[in-house]
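Undergrad: Take a look at this one; I'll ask things after.
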Amino acid sequence: MRLALCLALLVSGAGLAQQEPAETEESHLRSVLAGASSGPEAFIKAIETHLAKYPNAPRRAEMERSLVQAAIETRDDERVVRYGELIIARGDADPDILSRVTYSLLSQPGAERAERALRYAKIYEEKLRALGRDKPAFRSEQAALKENVDRGLSRAYMFQARALGSLGRLDEAVKTAATGFDTYPTAESAREMALLYSRAGKDLDAAKWYANAFAVEDPRSTAAERAEDRRRMGESYLKAQGSSAGLGDLVLHAYDLMAARLEKHREEIRRVDPNYGVTDPINFTLSALQGDPLALSTLTGKVVVLDFWATWCTPCRVQYPIYEEVKQKFAGRKDVVFVSVNTDQEPEVVGPFLEKNGWDKTVYFEEGLSRVLRVDAIPTTVIMGRNGKVAAQMPGFDPGTFAETLSARIREALGE
């Protein structure tokens, strides 16, 4: 998919619709790309042919980035390194390219490759830390960013540990791998610890870390990898202890340890986003435009009317006075609560919009609630019953019947 997009962009940039009598750099690019649709290997050959003839092509940087992607798809480590290092040297490498180049360097032995991998792994770490310093507006986005950065840092430390191990610096390698595992516990980082201890002749420690790799909750670890972790765990334990007695206890301890580590990580994420891992809408907490956040659980026992809207939504502007009309009908009731839920991606636009239009400023941000409730259209009204469960969901609205329909749905949720 990515390669197809790269090809389409390059073809578009080369202006295939034009007709030129004499060959130019662009006409040559069109010519070689015309036969490159059969797969990534053909694409690589076409672009390399073009760059050999036109080494100073204006779009060389873009082509080299496309070559890295094609090399990744064909598992061509040497081309990943060749073109990836050119991008790194220009200072244009994103974390994904740094990760790919480092991995490819470490796929083959050699001290010189390990030194380069170590250098790039540290740049990879720096790039990730820079990403982590960016603070998105919404807590849900902050939590997702922290999750991705922490997992990436764990991988960066794992690469550094592998490079250090290849360079014979085992003590440094073990400490670095442990830091990676503490940052984000993955099967990959636990496996690296096991390999390092095995290389150092510490078979019991290796068995413990293979057990951790086997036990950790990591969706990126394949069934084949887990089976191999289990096999190596048994071999290392037998080599260290002379029998398999006690191996079951080792595995159980690993499961307990991994569960505790992952829960610790989840708690750290929840401090950023209290909605992390929450799947029941009534347990969501919504941040407010002004004032304190709203925990929907505090509204249990009441009928809650959630109005999902956005500043860019023209129908929402038509709907607003009708909402106000319905709210007035239930103004004297304490068992009905109306909650205005904004879905804009830029929260800074909401306050000025409300001020300009004279709308009520008691507004909350959706913080991922629309995803859980599967709100696919704006505006959408969701009515939650006294038990905190969805009683009705109304995507869109008909101006002529909305007030009557919404009032009827609320009364049904009240049991009237």
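Undergrad: When the Karplus curve 6.51 cos²θ - 1.76 cosθ + 1.60 is applied with θ = phi - 60°, which whole-Hz ³J(HN,Hα) does each residue of the stretch 69-79 get, with x for Gly and Pro?
TA: My calculation for the stretch 69-79 gives 4, 5, 5, 5, 5, 8, 6, 9, 4, 5, 6 Hz in order.
Undergrad: Then there's this: Kindly state, as a whole number, the per residue volume in cubic angstrom of the convex hull around the alpha carbon atoms of the chain. Please list the in-between numbers first.
TA: Numbers: hull volume 84.5 nm³, N = 416.
With only Cα atoms used, the chain gives 203 Å³ per residue.
Undergrad: Still on this structure, I have one more. Can you give the relative contact order of the chain as a percent, counting alpha carbon pairs under 8 Å and 6+ residues apart?
TA: Values: 583 pairs, mean separation 38.1, N = 416.
Reported as a whole number, the value is 9 percent.
Undergrad: Oh, and also: Compute, for the chain, the length of the dipole vector about the Cα centre, with Cβ point charges of +1 (Lys, Arg) and -1 (Asp, Glu) only. Units Debye, rounded to 20.
TA: 640 debye
Undergrad: Please build a GNM for the chain, connecting alpha carbons under 10 Å apart, and tell me which residue among Phe402, Phe181, Phe308 fluctuates the most.
TA: Phe402
Undergrad: Only loop residues by DSSP count here, and only those with at most 11 other Cβ atoms within 10 Å; note down the trypsin sites (Lys or Arg not before Pro) in the stretch 27-121 that meet that.
TA: On the way: sites: Arg30, Lys45, Lys53, Arg59, Arg60, Arg65, Arg75, Arg79, Arg82, Arg90, Arg100, Arg113, Arg116, Arg119; in loops: Arg59, Arg75.
Answer in residue order: Arg75.
Undergrad: Of Leu252, Gly168, Thr186, which is farthest on the positive side of the dipole of the stretch 115-274, counting Cα position, with +1 on Lys and Arg Cβ, -1 on Asp and Glu Cβ, and the Cα centre as origin?
TA: Result: Gly168, furthest along the dipole toward the positive end.
Undergrad: Can you list the trypsin sites (Lys or Arg not before Pro) in the stretch 203-259 that are in a DSSP coil and have 13 or fewer other beta carbons within 10 angstrom?
TA: When the trypsin sites (Lys or Arg not before Pro) of the stretch 203-259 are filtered for loop state and at most 13 Cβ neighbours within 10 Å, Arg220 remain.
Undergrad: With unit charges on the beta carbon (Lys/Arg positive, Asp/Glu negative), name the residue among Ala288, Ser27, Thr343 whose Cα is farthest towards the positive pole of the charge dipole of the chain.
TA: The residue sitting farthest along the positive end of the dipole is Ala288.
Undergrad: Report, for the chain, the % of DSSP beta bridges that are antiparallel, rounded to 5.
TA: Numbers: 13 of 23 bridges.
Once the DSSP bridges in the chain are tallied, antiparallel ones form about 55 percent.
Undergrad: Among the lysines, which have Cα under 16 Å from the Cα of Lys122 when same-chain residues fewer than 8 positions away are ignored?
TA: Lys175
Undergrad: Run the helix sum for the chain: -39,500 (n - 2.57) per DSSP H stretch of 4+ residues, divided by residue count, reported at 222 nm to the nearest 500 deg cm²/dmol.
TA: Working: 17 runs with 254 residues, N = 416.
Here the helix-only value at 222 nm equals -20000 deg cm²/dmol.
Undergrad: Quick one: pull the percent of accessible area on the chain belonging to carbon and sulfur, 1.4 Å probe, ligands and nucleic acids left out.
TA: Values: 10580 of 20900 Å².
Answer for the chain: carbon and sulfur cover 51 percent of the accessible area.
Undergrad: Roll a 1.4 Å probe over the protein chains and send me the accessible area per residue for the chain in Å².
TA: Values: 20900 Å² over 416 residues.
Computed with neighbouring chains in place, this is 50 Å² per residue.
Undergrad: Pop the C-beta distance of Ala42 and Lys334 into the FRET formula with R0 = 56 Å and round what comes out to the nearest 0.05.
TA: FRET efficiency, Ala42 to Lys334: 0.20.
Undergrad: Taking a 32 Å limit on the Cα-Cα distance, which of the listed pairs Lys264/Lys334; Lys135/Lys264; Lys146/Lys334; Lys135/Lys361; Lys264/Lys361; Lys264/Lys302 fall beyond it? It would help to have the intermediate numbers written out before the result.
TA: Working: Lys264/Lys334 39 Å; Lys135/Lys264 22 Å; Lys146/Lys334 39 Å; Lys135/Lys361 24 Å; Lys264/Lys361 37 Å; Lys264/Lys302 34 Å.
Checking Cα-Cα distances, Lys264/Lys334; Lys146/Lys334; Lys264/Lys361; Lys264/Lys302 exceed 32 Å.
Undergrad: When the dipole is taken about the Cα centre of the stretch 197-283, and only Lys, Arg (+1) and Asp, Glu (-1) are charged at their Cβ, what size is it in debye, to the nearest 20? Show your work: numbers first, answer last.
TA: Details: 14 positive and 15 negative charges, 61 e Å.
In debye, rounded to 20, the stretch 197-283 gives about 300.
Undergrad: In degrees from 0 to 90, rounded to the nearest 10, what is the angle of the helix 170-183 Cα long axis to the longest principal axis of the chain?
TA: 10 degrees
The values are calculated or read from the model by the stated rules, or taken from the named source; none is laboratory data. Being a predicted model, the structure only gives us computed values, none of them experimental. Here Cβ is always computed from backbone atoms with ideal geometry, including for glycine, and neighbour counts include all displayed protein chains. Areas reflect the complete protein model, heavy atoms only, side chains present, ligands, DNA and RNA absent. Shrake-Rupley method; radii C 1.70, N 1.55, O 1.52, S 1.80 Å.
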